[in-house]
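Written out below as structure tokens is the structure these notes cover.
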Amino acid sequence: RTILRVRGDPVAAMAELNDHLCAELDGRTFVSLFLGLIDPRARELRWVSAGHGSIRVDTAGTATALTSTGPALGVVDGAAYGMKGPIPLALGDAVVLYTDGLHEAQNRAGEMYGEDERLIPSIKARAARHRDARALLDGVLDDLYGHVGDAPVADDVTCVVLRVLDGA
């Protein structure tokens, strides 16, 4: 946040943070980061993403990947990042940000939960059924832990759901 405040430019801030982390991290560690800029009046989203998983699901159930605009932070010194968007955010749309620990979680048989196999279909199904962001999140996590069962989860599982609601 400090770099972003000083730079004022999300793309430059991401590049500077990456260079700092490349100098500080041990080469085995990296950071994925999604920096979203929402214009509530225009209902638009722009973003800079350093290897972070995210999608937008509209009210028709169409999922749009919010693709990465550069590598994960701390991996490639001097990496360039870009800005994507804007994309419209209509009433009822959901934006879901998640770490790879969610879709890479495995059950006792060694089967990954999977991004295309389970995560995206779970998000789409729940976005259609639940207007509430919390219900969507809880449903996705219930689905994940139903798949994983009592197997230990090896990586962090982080998921954030944003939902476009009527201002009235």
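What the table below lists for this structure:
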| quantity | calculated |
| --- | --- |
| Output for the stretch 1-31, where each listed residue is in contact with a helix residue (DSSP H, G or I) (Cβ under 8 Å, 6 or more places away or on another chain), part of a helix (DSSP H, G or I) and open to solvent by less than 60 Å² (accessible area, probe 1.4 Å) | Ile3, Leu4, Pro10, Ala13, Leu17 |
| Pairs with Cβ under 8 Å, 6+ apart, first in the stretch 151-162 and of a type in the set (Val, Ile, Thr), second open to solvent by 70 Å² or more (accessible area, probe 1.4 Å) | Val161/Arg134 |
| Scan of the stretch 95-116 for residues that are more than 17 Å from the chain's Cα centre (by Cα) and without any contact (Cβ under 8 Å) to a residue 12 or more places away in the chain, ordered by number | Ala109, Gly110, Met112 |
| First in the stretch 1-25 and within 20 Å of Val75 (Cα to Cα) and at pLDDT 90 or above, second anywhere and open to solvent by 50 Å² or more (accessible area, probe 1.4 Å) and not in a helix (DSSP H, G or I), Cβ under 6 Å, 6 or more apart | Val11/Met83; Cys22/Asp77 |
| Exclusive hit being open to solvent by less than 60 Å² (accessible area, probe 1.4 Å) and in a loop (DSSP other than H, G, I, E, B), set Ala135, Ala151, Ala109, Ala125 | Ala151 |
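The values are calculated or read from the model by the stated rules, or taken from the named source; none is laboratory data. Small disclaimer: the values here were computed from a predicted structure and weren't measured. Neighbour counts run over all protein chains shown; Cβ positions are idealised from the backbone, glycine included. Quick note on the areas: whole protein, heavy atoms, side chains included, nothing else; ligands and nucleic acids left out. Shrake-Rupley method; radii C 1.70, N 1.55, O 1.52, S 1.80 Å.
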